[in-house]
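The structure appears below as C-alpha cells.
The values are calculated or read from the model by the stated rules, or taken from the named source; none is laboratory data. Predicted, not measured: the structure shown is a model, and the values here were computed from it. Here the Cβ positions follow ideal geometry from the backbone for every residue, glycine too, while neighbour counts run over all protein chains shown.
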Amino acid sequence: MNRDEWRAIDSPTDKTLFGVVHTTHGPYAVGEDGVVLAREETGWTTVIGSGPATDRNRLTCVAATPDRERCWFAGDSGALGLYDTRTGRKYDYTAPMEKTSTWEAIAVAGTPRDERLCVANGSGEVLPIGFDEHGCPRYGAVVEPGGGSTIAALAADATACYAADTSASVFETGDEEWSEIGIDCAQVDFFGLCLAGDSLLVGGDDGTIYRYDRACGNWTPLSVGEAAIHALAIDGDAAGTRAAAVGEGGAIVERTPDRGWHGVDSPTDADLWGVALGSTGVAVGEDGTIIER
C-alpha cells in the first residue's frame, strides 16, 4: 500500500464529524450528538458519546493544548469541554459567561503553564479564556472583531490570535485589541484557517487559499481547485512544510516541500470538514467519514 494514498477507514459512528486534532495519544475527532472519537491501535472508538454536558449537542470544533495532552472542544448551545487523554477524564465548562450560542471555532496557544484559549460563535463574538494556578478557566471580555459576522475559524500561537469570518475578513490580535488585516476583494465565505510558520493560510468557498506573510503583511491568493475549502492543516514535524486542505465533495489538495499545491485522489465524495497532519494524516466529515494517509 502506498503510504501517500488516502484510504477510507471504518468509523464507529454515522454522525457527521466536524474537527480532528493530533495528540500525544493519537488523533481525536468530534461531531454531531456530542461524539468524541479516539484512534487506538485497534481502530477508532468512541470515548465520549453525548458531549461535555451529556445533552448531545453537536460539537463543531476541537483544539489540542500546547503539550498535546488534552483536547478542548465546543459546539451548539454553548457546549464547551475538555478531555484529558492521559487520564480519560472529561470536564464540562458549557455556557461560559452565560453564552449559549453555537461556538463555531476554537484555538489554544501558549505553554502548558500559561495556556490561552479562545472560542468564537455565530454572533461574531470571541471569548478569551485564561487559567489560574489550579488550571481552572478564567473568562475575559467578549469582543466582536467583525461587528457580528460569524467567526468561522480561529488560529493562535505564542504571539498572536487570528480570526476569519463569513464576510471575507481576517482579524489579528496580539493583546486585547483586534485589527482587520484583510482580505481585500476576496468576496467569499471563509471556513478554514491555520498557522504555517511565518505564514497564515485561509481557505474559502471558491477553491482559493490565501497565504498571509506575517512579517510583511502581504496576502497572496493561490488557486487550488473549484471545491470549497473547509479546513487546512500543516505538519510541523515533517521535513519542510507539508500542508493539506480538504473540503466539498471529498476534495483534498496538498502542498509538499518540493511541489506547490496540487489535488490528490480522494477515497470519498463526502464533504470533509476537518483535517490533521502528523505521523498519520486524518480527515473527517459527513456521515462519520474518516480517511487516513
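Every condition in (1) free of Cβ contacts under 8 Å to residues at least 40 places away in the same chain; (2) of a type outside the set (Phe, Trp, Tyr); (3) farther than 14 Å from ALA152 by Cβ; (4) surrounded by fewer than 22 Cβ atoms within 10 Å (Cβ to Cβ) holds for ALA196 except the one numbered (1). Can you confirm whether segment 180-190 contains a residue that is within 20 Å of the chain's Cα centre (by Cα) and buried (at least 21 other Cβ atoms within 10 Å of the Cβ)? For segment 180-190, residues within 20 Å of the chain's Cα centre (by Cα) and buried (at least 21 other Cβ atoms within 10 Å of the Cβ): present. For the residues TRP103, TRP44, TRP72, the requirement of being aromatic (Phe, Trp, Tyr) and in contact with a helix residue (DSSP H, G or I) (Cβ under 9 Å, 6 or more places away or on another chain) singles out TRP103. Sub-6 Å Cβ pairs linking a first residue in segment 165-176 that is at negative phi to a second residue that is part of a strand (DSSP E or B) and surrounded by fewer than 18 Cβ atoms within 10 Å (Cβ to Cβ), at least 6 apart or interchain, are SER169/GLU180; VAL170/ILE181; PHE171/GLU180; GLU172/SER179; GLU172/ILE181, ordered by first then second residue. A residue that is assigned to a loop (DSSP other than H, G, I, E, B), hydroxyl-bearing (Ser, Thr, Tyr), modelled with pLDDT of 95 or more and within 20 Å of GLY31 (Cα to Cα) cannot be found anywhere in segment 249-267. Contact map, segment 74-100: first residue in contact (Cβ under 8 Å) with a residue 60 or more places away in the chain, second residue among the polar types (S, T, N, Q), Cβ cut-off under 8 Å, separation 6 or more or different chains; pairs are THR85/THR23; THR85/THR24. Looking at segment 55-63, is at least one residue farther than 28 Å from ALA251 by Cα and either of a type in the set (Ser, Thr, Tyr) or surrounded by 14 or more Cβ atoms within 10 Å (Cβ to Cβ) (or both)? The answer is yes; a qualifying residue exists.
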